[in-house]
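Trainee: Please see the structure below; I have some questions.
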Amino acid sequence: MVLPFVRDLFADAEKLPAFSRVVSHLRANAGRISVSGLTLSAKALLISELQKAGGRPLIVVVRSNEAADEYIPVLQAYCELVGGAAADSALSEPFTTS
């Protein structure tokens with residue numbers, strides 16, 4: 001169970017102007033979007049909040065399988081904290097080359 005003040009702390013991210021612009025882009029089905037310049041944890045929070053606001057699955061591409069292995073636990077934790085997608089719905093699909 002997540003304490004209400006913790007959830008409220010993360011909900012403040014939804015009030016940022018940049019976040020509102022990204023959500024508007026997502027809801028308008030305006031195509032793919034790229035967000036850069038954020039730390040791993042900031043990206044995970046943003047993705048969790050975007051999934052919650054958009055109400056649909058998101059695909060996130062990372063540079064390697066190792067990056068995905070590092071990213072998934074952080075993303076799952078934020079999914080649980082913001083009350084969006086179930087934590088176990090954040091999955092990693094390994095990339096292989098032929």
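The values are calculated or read from the model by the stated rules, or taken from the named source; none is laboratory data. On a predicted model such as this, the values are computed, not experimentally measured, just so you know. For neighbour counting, all protein chains shown are included, and Cβ atoms are generated from backbone atoms with ideal geometry for every residue, glycine included. The accessibility values were calculated without ligands, DNA or RNA, using every heavy atom of the protein model including side chains. Shrake-Rupley method; radii C 1.70, N 1.55, O 1.52, S 1.80 Å.
Trainee: If you average 1/r over every pair of different alpha-carbon atoms in segment 44-98 and take one over that average, what Kirkwood value in Å do you get?
Mentor: 11.5 Å
Trainee: Distance in nm between label sites at residue 87 and residue 30, each 7 Å beyond Cα in the beta-carbon direction?
Mentor: A separation of 3.4 nm, rounded to one decimal place.
Trainee: Turning to a different aspect of this structure: For the chain, what is the convex hull volume of the alpha-carbon atoms per residue, in Å³?
Mentor: That works out to 109 Å³ per residue.
Trainee: Can you give me the % of accessible surface on the chain that is carbon or sulfur? Probe 1.4 Å, all protein chains present, nothing else counted.
Mentor: C and S atoms contribute 58 percent here.
Trainee: Compute the accessible area per residue over the chain, keeping the other protein chains in place, probe 1.4 Å, unit Å².
Mentor: 71 Å²
Trainee: Would you work out the relative contact order for the chain, in percent, from Cα pairs under 8 angstrom that are 6 or more residues apart?
Mentor: Here the relative contact order equals 30 percent.
Trainee: In whole Hz and in residue order, list the ³J(HN,Hα) couplings for segment 59-75 that follow from phi through the Karplus curve 6.51 cos²θ - 1.76 cosθ + 1.60, θ = phi - 60°; x for Gly and Pro.
Mentor: 10, 10, 9, 10, 6, 7, 5, 5, 5, 5, 4, 6, 6, 4, x, 5, 4
Trainee: If you don't mind, another one. Per DSSP helix of 4 or more residues, -39500 (n - 2.57); summed, then divided by the residues of the chain. What does that give at 222 nm, rounded to the nearest 500?
Mentor: Value at 222 nm, helices only, nearest 500: -17000 deg cm²/dmol.
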